[in-house]
1. Which one of these does A:Leu12 not meet: (1) modelled with pLDDT under 90; (2) touching a helix residue (DSSP H, G or I) at 6+ places or on another chain (Cβ under 6 Å); (3) under 20 Å from A:Glu380 (Cα atoms)?
2. Hey, does segment A:53-60 have a residue that's modelled with pLDDT under 90 and of a type in the set (Gly, Ala, Ser)?
3. Give me the pairs: first residue in segment B:87-104 and more than 20 Å from B:Ala151 (Cβ to Cβ) and at the interface with another protein chain (Cβ under 10 Å from one of its Cβ atoms), second residue surrounded by 19 or more Cβ atoms within 10 Å (Cβ to Cβ) and of a type in the set (Asp, Glu), beta-carbon distance under 7 Å, and six or more apart or on different chains, which are they?
4. Can you tell me which residue among A:Val113, A:Val192, A:Val157, A:Val145 is in contact with a strand residue (DSSP E or B) (Cβ under 9 Å, 6 or more places away or on another chain), among the aliphatic types (A, V, I, L, M) and within 14 Å of chain B (Cβ to nearest Cβ)?
5. Say we look at segment A:116-137 and pick out the residues that are outside any strand (DSSP E or B) and on the phi > 0 side of the Ramachandran plot; which of these is nearest to the other protein chains (Cβ to nearest Cβ)?
6. Give segment A:59-88 a look and list any residue that's crowded, with 18+ Cβ neighbours inside 10 Å and part of a helix (DSSP H, G or I), or say none.
7. Among the residues of segment A:34-52, are any modelled with pLDDT of 90 or more, buried (at least 21 other Cβ atoms within 10 Å of the Cβ) and not basic (Lys, Arg)?
8. Name the residue that is nearest to the other protein chains (Cβ to nearest Cβ), counting only residues in segment A:237-258 that are of a type in the set (A, V, I, L, M, F, W, C) and in a loop (DSSP other than H, G, I, E, B).
Amino acid sequence: MNGVFYLAWRYLVWHRWKSLTLTAAITLVMFVPAAIQVLIDQTAEQLGARAARTPLLIGARGSPLELTLNSLYLQSAPPASLPYAEVDVIRQQGLATPIPLYVRFKSRNAAIVGTSLAYFDYRGLGIASGRVMAVLGEAVIGANVARSRNLSVGDYVLSSPESAFDIAGVYPLKMPVVGILAPGFSADDDAVFVDVKTTWVIEGLGHGHQDLAAPEAARTILKRDGNNIVANASVVEYNEITEANRDSFHFHGDNNRRPLTAIIPIAKDNKSAVILAGRYQARDDGVQLISPSRVMNELMATIFTVRQYVVAALSLVGVATALVVILVFLLSLRLRQNEMKTLRYIGGGRWHLALLAGAEVLMVVAIAVLLAALLTWLTERWGTPLVQALIVS
Amino acid sequence: MKAQLCLCLALLLSIAGCGGDAGDNPRKADPVAPAVVAVNYPIAYMAKRIAGDWLRVEFPVPGDVDPADWQPGVEQVVAVQQASLILLNGAGYAGWVERVSLPEEKLVNTSVAFANQLLPLESVASHTHGLSGEHAHTGFAFTTWLDLEQAIQQAAAIRDALVGLLPDREAELTANYAALAAEFQRLDQRWQTIGARLAVGGVVFSHPVYQYWQRRYQVPGPSVHWEPGVEPEVSEWRAFDELLVQNTIRWMIWEAEPLPAVRAALAERGVESLVLPPVANRPAVGDMLTTLSGSTSLLESRL
């Protein structure tokens, strides 16, 4: 018996390229469907976990999926905005604690999340170094942002213009990094966190500028009319909030009308959550309350359906591959007729010859199975972060 | 007999002394008790009166700074973030709150009960620039506590917030609030009487910080922008004289004692100076009520 396997092994080694090709083909046929299964399951689990930790989400009426992706996963374009007044509406009802979100701007490829201090406690985000933001303009960055850009406390991040061609747009805001979050193994690791008021400054709803009553601003003054000073557009606006100019920053218009992209209501209990959901269902004023879990489950159901089609297609490919492999072996046996004849002449029986051919097939398949299992295990360990990194880069 | 009496007295005194152990005193402030931060002195005073020793009430503004204009440093903001409650005056008081990050669940706006009765500021410095058009820095008068009826409502809001923090102490907190409210009401009655007397003679106010006091106690009158420790400029005297021509003015109410020269110059014009401190910051001597009560007594003696 050992002689049969020895001969089979020597044959495979002698025809190594053919053996490697066959092994690779069989490995891929087994590994690809398994990898797809693993990646989708892991992604679904991660997405589902984050959605499960956010039972309720409030936003402007529109696509629930866009609202969920933007608010929970900090991806996709910002949804339609809702007014800040909704935060007071929720607070006054006494059913939930509202956490405002304004996720519209970016710092290079990192989402800038305008929110309140309660967000960090809610997400269980700890501070690895530094502290949370204290004053307007300060930023706290996720672990991945700090690592990828080699940033530490005391460095700066810049907000990116929304359009490279918007020359009349708001200047980028330079924000000092005052804290770095501990890894949360979530979308928060890739984000820059600021107070929601800072995002309004980025948008231009608030600004600081030189004192128009000061002598150095005289050249910017067009006219004075009683208590009103009219200045031209050359008045210097600050694009960095510092200790020296912070008290000059001010906001225009009604605070309640400033924009948010979403509000996370932290309900006091299940009963409060149900009452809150009922109240929002009855509203038809352009505000909606959604369940991110339900939205993600619907998305996952769609993805799982697509996966089934993909796996079915890959199964067909697998069958075709198996047929080709069988054809290769049969053709190989045909080409080895003289070799088989020689083996019979030296005493090899029909059974031994069949065993020899079978051992070759068995070894190739066994090696392919081991390789596929190894690759699947590696995918399970590092596949999802690698894919995310490749997609992000 | 005398010796026995002295011995009994000594024994009684020693027994009485044993009862004062700080460790057994249930009202001794716990150094790590939750802290309450107030944005101005009146709010801090009310919180302290209601909370007693159960909570640490902190008012971080230095004594020589107007709390309305105070700009905290980063370290101070970080300290405020750690408080269990942050008591706001409301009406836009303490503009620094708009430029910092504070835990919103800890913020208490003490004037929300009368938010629809706030007085908009009459003359506001505004500016226009660029393409965005005019924008005025609209605001409200914010010395809300000078209307003692409003002060009682602010104290009620503070009481409710403190009860939320110490639900087991509701009875004590409520009793403390009731005592404070009663004192405010007594002072309110005195100011009603003073207001009636002042209105007869005509009043001008040294600074536009008395709006709610004027409304509550029915004392109309213009305001100027004179500081107690500063000699008014010639142009300001000229404007004041024009004011005297247009209005019957017998009294001028100051935030603090004016310069003797200014007091004399006003007296020459037939205007007597009176002092009613807004007590936005902690007084040098006494507290909010003793200061206001003392000033009220002086007003009563002069009117």
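1. Result: A:Leu12 fails condition (3) only.
2. The first filter runs over segment A:53-60 and keeps only residues modelled with pLDDT under 90, leaving none.
No, the conditions are met nowhere in segment A:53-60.
3. From segment B:87-104, the pairs are B:Ser101/A:Asp195.
4. Details: A:Val192 fails: within 14 Å of chain B (Cβ to nearest Cβ); A:Val157 fails: within 14 Å of chain B (Cβ to nearest Cβ); A:Val145 fails: within 14 Å of chain B (Cβ to nearest Cβ).
A:Val113 is the lone residue from the list that is in contact with a strand residue (DSSP E or B) (Cβ under 9 Å, 6 or more places away or on another chain), among the aliphatic types (A, V, I, L, M) and within 14 Å of chain B (Cβ to nearest Cβ).
5. Top of the filtered list is A:Gly137.
6. Listed by number, the residues that qualify are A:Pro64, A:Glu66, A:Leu67, A:Thr68, A:Leu69, A:Asn70, A:Ser71, A:Leu72, A:Glu86, A:Val87.
7. yes
8. Looking at residues that are of a type in the set (A, V, I, L, M, F, W, C) and in a loop (DSSP other than H, G, I, E, B), I get A:Phe249.
The values are calculated or read from the model by the stated rules, or taken from the named source; none is laboratory data. The structure presented is a predicted model; accordingly, all values stated were derived computationally and were not measured. Counting neighbours? That spans all protein chains shown, and the Cβs are built from the backbone with ideal geometry, glycine included.
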